[in-house]
Structure formats: structure tokens, C-alpha cells
Number of protein chains: 2
Amino acid sequence: MSPASAPQFVTALTLGVRDVQASLAFYTRALGLPLVHHMPGEIAFVQSAPGQLLALWNIASMPGEYGEVGFSPDSAPPVSLGRNVASAGEVAPLIERALAAGATLVGPVTTREWGGTSGCVADPDGYRVDVVHNPAFSIGEYGSVTV
Amino acid sequence: MSPASAPQFVTALTLGVRDVQASLAFYTRALGLPLVHHMPGEIAFVQSAPGQLLALWNIASMPGEYGEVGFSPDSAPPVSLGRNVASAGEVAPLIERALAAGATLVGPVTTREWGGTSGCVADPDGYRVDVVHNPAFSIGEYGSVTV
């Protein structure tokens, strides 16, 4: 889509990370996100959705643009990057793939009270990555979701 | 796209929020993201990209699936949701729109040393929202980015 006709979406998602190389390796291996650009030690971009980049930015560089941001010693950032899958059976293999890429297990694959199946891991900085089958979600043309 | 042919993208982004209604109002007004589903007090979904939902989830409900996540008293979460625009002149109006929707100014619109123009605000929970013109980014078919 051309910039002029771009709809009103989030076109970049930026996470502060402690080690750009480690985070890049994680997201390309754990979720298979395609690499777009890498400036070693500073920032890496992967494609996170059609029309959206995930930027993995050295957190030391963030305050100049983003002000006082940081990690808490007591808890992980309350953020999760999710992969929705089409069947409950697809959840466990993706969790295994993330663990093989260096993730830490947060919650094993579980049937949830809301009717879905999910599992959750942590990336190298503690950001959550969840794999979810939600039987209530339908994905239509251009990836729009109806519930 | 059908789930079977879905590429390997991030299909959901979940932020822990203190007030679901306030966050929903912010993201629909500040960024114009379309509402998909709202369960008052618990969670709201807006469409954040083709094939991706942004979930605004009551942080009190998160630990059951995501473990120990939380806000730091000293700093905001190191996360920003970005809107890339096609020209430097489009940055300021979007920052103004976000401020009118209740954002807090973090960094005024500035020409950056890396050649772009950006401004940054904070959402009701402190998550950063940045508006960026990056002259090095080209957006191709299906929203894939080349640098």
C-alpha cells in the first residue's frame, strides 16, 4: 500500500532491549519474523505484520526520544507479542520452537476458562510471547478480525 | 488471508493497562484504530495492522497467563507504538491529535540526527506512542518495508 493510502494502523512497534543481536536472533528464530535491517549494537528491524515493523532498539539509546523508560527489577514489562493459530494443536509446537530459540517458559500450554488454548514464554528481556488458539476469532480479508 | 496461509507475523500485541475504557478511548481517538471487540473492565481489541490486533488487557488479569508483569514506579515500560508517516509535515498534526486525546507530551517534534523527524507522547499508562517520518523507509506491496 502506498503511504498516501495507508490506513490508520500501528506501523512500527519498538521494544527496548538489552542486547540487539540476541533479540534479533530470538525473533527471527522463535517467530520466524523476516529481517529487514540491522545496525549492530543499535537497532534491528523485522517485519512483524503487513505494514508493520518490529524495532528492537538498544534501550540505552531510548531516553533521547522516549524519555524515562526502563525495566523494573521486580517484574517484566506488561507486554506480550502474540501469535494466533488456527487450531489448538498448533500451540505446543510453536511454544517448543520458541523454547529452542532461547525463550524461558512462563506458562505451559493450557486450556483457558475463556475457551481457548494458549502457552506463554519470555523473550531475552522478559517480554512475553504468547501462542494462542482463540476459537472465537475469525480472520477475514486483509487480516481483519471479527469476534 | 486464511489462517492456513497466514505468514509468520505477530498477530496480536497485548498491553497491560490500568483502565481498559480509558485506553480504548485513547487508541481509537489518538491513532484512529478501529474497535473490534470490547469486554468492559476486562479487555478491548482494536485492529492495529492488517492481520494484527492490539489487545488492551486489564493488567490485574494478566498474571494468570503471563506471570509476574507490572509497571515500574521509576520509569515507563520500554515500548512504543509507532505511526510512520510519508512526510515530515505530517508528524506534528498527529502528535497534536494524540495530545487532544489525552496523551502526555514526552518529546516535541524534532529533526533527529539519523535524518528523520519524530515526536513522542505517552498513553494513559506511560507506553510511548511515536510519530515518525523516516526518509529511508520505503513501503512496498502488502506493507513490506525496504530500507
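The values are calculated or read from the model by the stated rules, or taken from the named source; none is laboratory data. Remember, it's a predicted structure, so these values are computed and weren't measured experimentally. Here the Cβ positions follow ideal geometry from the backbone for every residue, glycine too, while neighbour counts run over all protein chains shown.
The table below lists the values:
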quantity	calculated
Scope the stretch A:12-67; condition charged (D, E, K, R) and under 16 Å from B:Asp130 (Cβ atoms); matching residues	A:Glu65
Check on B:Gln47, of a type outside the set (D, E, K, R), in contact with a Pro (Cβ under 7 Å, 6 or more places away or on another chain) and surrounded by fewer than 19 Cβ atoms within 10 Å (Cβ to Cβ)	no
Selection count, the stretch B:19-44, where residues are buried (at least 21 other Cβ atoms within 10 Å of the Cβ) and among the small types (Gly, Ala, Ser)	3
Selection status of B:Ser72, facing another protein chain (nearest Cβ under 8 Å), buried (at least 16 other Cβ atoms within 10 Å of the Cβ) and under 23 Å from B:Gly32 (Cα atoms)	no
Top-ranked residue in the stretch B:112-134 [being assigned to a loop (DSSP other than H, G, I, E, B), more than 8 Å from chain A (Cβ to nearest Cβ) and without any contact (Cβ under 8 Å) to a residue 40 or more places away in the chain; ranked as nearest to the chain's Cα centre (by Cα)]	B:Gly116
Selection status of B:Pro108, more than 9 Å from every other protein chain (Cβ to nearest Cβ) and over 17 Å from the mean Cα position of the chain (by Cα)	yes
Flag for B:Ala100 being surrounded by fewer than 16 Cβ atoms within 10 Å (Cβ to Cβ), under 25 Å from B:Thr28 (Cα atoms) and assigned by TED's automatic domain parsing to the domain that holds B:Val10	no
Members of the stretch B:44-65 that are small (Gly, Ala, Ser) and under 16 Å from the mean Cα position of the chain (by Cα)	B:Ala44, B:Ser48, B:Ala49, B:Gly51, B:Ala55
Subset of the stretch A:58-69 [facing another protein chain (nearest Cβ under 7 Å) and crowded, with 17+ Cβ neighbours inside 10 Å]	A:Ile59, A:Met62, A:Glu65, A:Tyr66, A:Gly67, A:Val69
